[in-house]
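The values are calculated or read from the model by the stated rules, or taken from the named source; none is laboratory data. Please read these numbers as outputs of a predicted model, since none were measured by experiment. Note: ideal-geometry Cβ built from the backbone for every residue, glycine included; neighbour counts use all protein chains shown.
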């Protein structure tokens, strides 16, 4: 069996410009209204638990691979251009991350949709890089939103609200 | 077979305090950034198309029934209180409306989550009624968010973005 | 908060004619082709873990409540008859159990669909009771299929295949 | 906008060894128990309607691309080997096809799971080719099962049962 480790996933995210602390900031902002004194360390810890799930690792590996191949022009057409331009009606990125959002129950959907629409912090910056630096983040921004939403749901489930 | 008509659904929504025009306002606000001159009539027309789907009708009938039974104290415990108090970890309302959000493809998820978090217009008012007037809208506010999200997705699909 | 316990859920299933051992038989049959020497105790243990999840408990409470209310004629029409007759196009039972199937990742979908179509063991017997004894099991048979599918997925995830 | 046509999709399926008539056979077998005199032409017509949906086209393009890249050794490791060997715990193929199964409502889940487990007709043959001819059909067999399940659901919805 091909073991995927959290370390490999964390490295891959870093190579694509995302540090865990950036995701932790988003989680903290999401949950702060419910738990005033939530710490960034606690958010990080919950993100690590999410990244330890095989289903989550597979979604991240697959999504980032498609972003990279689109960037390098290695996808067939018209798929390559659809992903490169992040066409609004291409919904496979949103379906893929359902495998992350689902893991901690349906209360993750709301947080995910909210983040995907408002694009706070690193999610918005990834969007900007797309325009400025010719990077493709069609899957990555959804993945980050889904990881943050799953971590927030995990915290909510632990705390009973 | 028991035919469910759109008229029955529209009546039921009205009895629970929701007019289609209130949902149309939400759809218009969602889509205005993409289509400046979108009319309220066009939004209404798309909502009607959504309400004409059997899957959507079944979700509305089932969700509102649970709200009403909770209000009337006719559900077993602890389910009755869980629904009456809209406990944050009860996620069945969010699962139920997936049958509405799904119908026009995965791009509906984002709009739904956003509306469920920000609760604009009638969605927020339903929340208020819950506190002031002892009504139960645990399922209804999610249903309205899902109908609006589905109608917005339908418009996006027709216009190619 | 209203705590729901596994014991309450196990009692409720028993009142509706389902013993955990019946579900364990289905899980054993599903997984036997992969792990020859899988024991019924191990299957039971995995079912208990599934029943310990809040999301699963909420789905079971809600689905069985709707079955019982339909049986007692306490649901509004046309919803009552739609559920009582288990109309083939009413898909809310299948949506509801997604909250159970989802919990252990997407590999649960296949097992669930298979069980729902073939109706082995207790699932088929529940169907029979519907005809013979005027019981309503519209939600219950899907719930049992979903619990068995989730337990089988849990076993697969532990064993790495 | 990059228009994807049904013709492009039908060509792509043929290049990967799948003719629409093979899918129609599966649909006919699924629906025959409900409609004795269902014709293969009618099944084909419903498959064409399914293949005309943008969401379906995007899922097919993306899944087949991943199969081909895995076959050609062009995916990063460990993802390449995970897909090439169709590792049982890789569930992204099953998540991807949810975007097809969802389109005609939740009654498609059952048919999809059943087909994915029993692998009738062309679905089983694709499996065989994987072993004999070093082809990768990790996504393709799920895609075919999902197209057949969606077409069967579409027929069920039209006929009111």
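For region A:65-79, the set of residues classified as more than 9 Å from chain D (Cβ to nearest Cβ) and assigned to a helix (DSSP H, G or I) consists of A:67, A:70, A:71, listed by residue number.
Scanning region B:127-155 for residues that are within 10 Å of chain A (Cβ to nearest Cβ) and closer than 18 Å to residue B:49 by Cβ, which turns out nearest to the chain's Cα centre (by Cα)?
Pass one, region B:127-155, residues within 10 Å of chain A (Cβ to nearest Cβ): B:142, B:145, B:149, B:153.
Add one more test, that the residue is closer than 18 Å to residue B:49 by Cβ, and what stays is B:145, B:149, B:153.
Numbers: B:145: 4, B:149: 8, B:153: 14 Å.
Only one residue fits best here, namely B:145.
Taking region B:112-126 as the range and being in contact with a helix residue (DSSP H, G or I) (Cβ under 6 Å, 6 or more places away or on another chain), more than 7 Å from chain A (Cβ to nearest Cβ) and in a helix (DSSP H, G or I) as the test, the residues that pass are B:115, B:122, B:123, B:126. Going by what's in this entry, would residue B:100 be described as farther than 16 Å from residue A:102 by Cα, touching a helix residue (DSSP H, G or I) at 6+ places or on another chain (Cβ under 6 Å) and surrounded by 20 or more Cβ atoms within 10 Å (Cβ to Cβ)? Here the answer is yes, as residue B:100 does meet what is asked. With respect to the conditions (1) within 14 Å of another protein chain (Cβ to nearest Cβ); (2) touching a residue at least 40 places away in the same chain (Cβ under 8 Å); (3) assigned to a helix (DSSP H, G or I), residue A:11 lacks only one, and its number is (2).
For region A:25-35, enumerate the residues that are part of a helix (DSSP H, G or I) and either exposed (fewer than 14 other Cβ atoms within 10 Å of the Cβ) or in contact (Cβ under 8 Å) with a residue 40 or more places away in the chain (or both). Even if it seems obvious, please write down each step before you answer.
Looking only at region A:25-35, we keep the residues that are part of a helix (DSSP H, G or I), and these are A:25-31.
Hits for region A:25-35 are A:25, A:26, A:27, A:29, A:30, A:31.
Against the conditions (1) over 20 Å from residue A:90 (Cβ atoms); (2) under 13 Å from the mean Cα position of the chain (by Cα); (3) at pLDDT 90 or above, where does residue D:108 fall short? Just the number, please. Failed condition: (3).
Here residue C:121 passes the criteria (1) surrounded by 22 or more Cβ atoms within 10 Å (Cβ to Cβ); (2) within 13 Å of the chain's Cα centre (by Cα) except the one numbered (1). A single member of A:158, A:85 is over 30 Å from residue D:67 (Cβ atoms), within 12 Å of chain B (Cβ to nearest Cβ) and surrounded by fewer than 19 Cβ atoms within 10 Å (Cβ to Cβ), and it is A:158. No other residue among B:38, B:60 is outside any helix (DSSP H, G or I) and under 25 Å from residue B:120 (Cβ atoms) apart from B:38.
Quick check on residue C:100: is it away from chain D (no Cβ under 12 Å) and at pLDDT 95 or above? If you could, list the steps in order and put the result at the bottom.
Details: away from chain D (no Cβ under 12 Å): yes; at pLDDT 95 or above: no.
When the stated conditions are applied, residue C:100 does not pass them.
Say whether the condition of being more than 18 Å from the chain's Cα centre (by Cα), outside any loop (DSSP other than H, G, I, E, B) and more than 30 Å from residue D:138 (Cβ to Cβ) is met by at least one residue in region C:81-97. The answer is yes; a qualifying residue exists. For the list (1) within 26 Å of residue D:145 (Cα to Cα); (2) touching a residue at least 24 places away in the same chain (Cβ under 8 Å), I need the number of the one condition that residue C:122 fails. The one condition residue C:122 does not meet is (1).
Looking at residue C:140, is it modelled with pLDDT under 95 and in contact with a helix residue (DSSP H, G or I) (Cβ under 6 Å, 6 or more places away or on another chain)? Considered against the rule, which asks whether it is modelled with pLDDT under 95 and in contact with a helix residue (DSSP H, G or I) (Cβ under 6 Å, 6 or more places away or on another chain), residue C:140 comes out as no.
Within region C:14-43, the set of residues being under 14 Å from the mean Cα position of the chain (by Cα) and away from chain B (no Cβ under 14 Å) comprises C:14, C:17, C:18, C:19, C:20, C:21, C:22, C:23, C:24, C:25, C:26, C:27. On the basis of being touching a helix residue (DSSP H, G or I) at 6+ places or on another chain (Cβ under 7 Å) and either surrounded by fewer than 23 Cβ atoms within 10 Å (Cβ to Cβ) or over 28 Å from residue A:98 (Cα atoms) (or both), does residue C:105 make the cut? Here the answer is no, as residue C:105 does not meet what is asked.
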